[in-house]
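To start, the structure under review is shown below, and the notes come after it.
Bear in mind that the values in this text are calculations on the coordinates, not laboratory data. From a predicted model like this one, the values you see are computed outputs, not experimental measurements. With ideal geometry, Cβ positions are generated from the backbone for all residues, glycine too; neighbour counts draw on all protein chains shown.
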Amino acid sequence: MNAYLDVQGLTKSYGALLLFENISFSISEGQRVGLVAKNGTGKSTLLSILSGKEGCDSGEIIYRRDLKVGFLEQSPTFDPSESVLDACFNHQGDEEKVLRAKQVLTQLKIRDLTQPMGQLSGGQQKRVALANVLLTEPDLLILDEPTNHLDLDMIEWLEGYLSRGNRTLLMVTHDRFFLDRVCETILELDDRTIYTYRGNYAYYLEKREHRLDVARAEIERANNLYRRELDWMRRQPQARGHKAKYREDAFYELERKAKQRIEERQMRLKSSNVYIGSKIFECQYVSKSWGDQVMLKDFYYNFARYEKMGIVGNNGTGKSTFLKLLLGLEPVDSGRFDIGDTVRFGYFSQEGLQFDEQQKVIDVVRDIADYIDLGGGRHFSASQFLQHFQFTPEQQYNYVYKLSGGERRKLYLCTVLMRNPNFLVLDEPTNDLDIQTLQILEEYLTDFPGCVIVVSHDRYFMDKVVDHLLVFKGNGEIKDFPGNYTQYREWCALRSKEDDQSVAKTEKRPKREYRNTEKRKMTYKEKTEFAQLEKDIERLEEEQRQIEEALCGGVADIEQITQMSKRLPQLKEELDEKSMRWLELSEIEQS
């Protein structure tokens, strides 16, 4: 294959912090590569080096001659006075280019092309930067967290856009659905080394576990040898001479291997010391608008004990506003929230916590509590809690100003959880967190014995954590759906197909009133079949209507939803088959 990029022996450090050492990999034409690593291990730094924004300590970066590279930074900057259209690219009055720009920007919900960039939010600026990269049509796309600040519709559009054709890309993303569907090669940066997996995210998970199993076995073997060699090194040192020097060298190499650590969570952080009463909160016909924009309109909802709810919808439909109304951070226009006396909220916001840059990580958490009580005589110290969320003992004594963006978000999450709330309200908690931290958080929320509300565009995360959705559709319209995100999307897709088929059948059925008299007549058997088909179709359509009403009604449990979701595709096939046969028979004269 034609190599677009070849990286050889790359090393980068910041003072005493070594990010990666002597790493090598290549990207060929048409390859779609995802880069995964823990926060603070150098993902964004590596992309910056590859794009020429930052230098390296040693190594070579070789691009194919005349290769055009497009780079999406995590936090792009613009001239605040230039318009959206000018920020995208220098179109020089080219109508075709302007039309393409409008199409891409519309997909990313940027509609006012004359608006100055300084008036846009950080998320909108990131979307303009993404549009800019796509519109320049580079040979190689380098994307740092492209799904941040995109709603679900935009993510699914981008997923399709990047998957089509022979695009070549390297990207960092925490969105595992996106990673799985777009990339067919995964690079993992771990312990300052790069590992290559020739497959999608699901393949990577399987092979990574195999790699760790092999490493565990090697470390165990090294430990056994190390113990024997240590015994030899301690015995009769005066007897060892020049000829034993090779064995001393081998000992120190064994010592290095034996002391390698594969970080694993040895226990689940499951608290039984969280109590919440039967009354949680009742949203009593709440309305809220911002000018002409309606967020909620006479909305009623009674939140159940132990409920884990996801909130989804396009940007600007009122998701974050709803959370702020619930927490009393914004006033309602009308209605009220009646909240139970035992409820203790823990709020993780998009804005995040403002830290004292000169404070140590461990002190930030200790200022909240020295330990968290798990119940049953168990507790986690502040240090153990941080270590559970992958802050090593060394990192815990680092100053906050040394943390990466992802590490700051992770520290903020720890400060929220360390307060031991019984009702977690999480607004986009997955942004900038690495995949391993997301897995830890998913495990924590699965075990959490209180209530949870999550606003997130991360489909994988939502499917694993929530069992119920509020879908914000805009203009105050909110749909209550009793299932996770994948079930909701499947239901939407089925509804869309059924609506299309219903229109098609309505258009086709009148044909039976206009038959050609020269056609053959129906046999008795065909007449009987035709009459039965009409009854069957009517019965199946009624069953379909009942299932759809049940899914919309919000009273079915998860098992019922699963059964109904399986039945709907079967109904579709039966209706298609019987409708086609009905159409064939309707062309025959009935005498």
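Full-extension gain between D367 and T136, please, as 0.36 nm times their residue separation minus the C-alpha to C-alpha distance.
Between D367 and T136, full extension yields an extra 78.3 nm.
Compute the Cα gyration tensor for the range 1-90, then decide on rounded, prolate or oblate, letting a ≥ b ≥ c be the square roots of its eigenvalues: rounded whenever a/c is under 1.5, prolate when a/b is larger than b/c in the other cases, and oblate in all that remain.
Oblate shape, in that a/c is at least 1.5 and b/c is the bigger or equal ratio.
What's the Kirkwood radius of the range 358-493 in Å, using all Cα pairs?
Result for the range 358-493 stands at 16.5 Å.
For E543 and S24, calculate 0.36 nm times their separation in residues minus their Cα-Cα distance, and state this gained length in nm to one decimal.
Gain on stretching E543 to S24: 181.0 nm.
Filter K109/K410; K126/K308; K68/K473; K12/K102; K126/K279 down to the pairs with a C-alpha to C-alpha distance above 32 Å, please.
K68/K473; K12/K102; K126/K279
Kindly state, to the nearest 0.05, the FRET efficiency for Q532 paired with D480, given R0 = 41 Å and r defined as their beta-carbon distance.
Here the calculated transfer efficiency is 0.60.
What nm value, rounded to one decimal, do you get for the distance between Y203 and A550 when each label is placed 7 Å out toward the C-beta?
Inter-label distance under the simple model: 4.0 nm.
Pairs of alpha-carbon atoms within less than 8 angstrom and 6+ residues apart define the contacts here; what relative contact order does the range 275-338 have, in percent?
43
Name the trypsin sites (Lys or Arg not before Pro) in the range 96-188 that are in a loop by DSSP and that have at most 11 other C-beta atoms within 10 Å, would you?
Here the trypsin sites (Lys or Arg not before Pro) that fit, given the DSSP loop and packing criteria, are R111, R164.
Give me, ordered by chain and number, the residues 5 or more places off G313 or on other chains with an amide H under 5 Å from its own placed amide H.
L152, F472
Taking 0.36 nm per residue of separation and subtracting the Cα-Cα distance, what length does fully extending E577 through I62 add?
Taking E577 through I62 to full extension adds about 179.7 nm, to one decimal.
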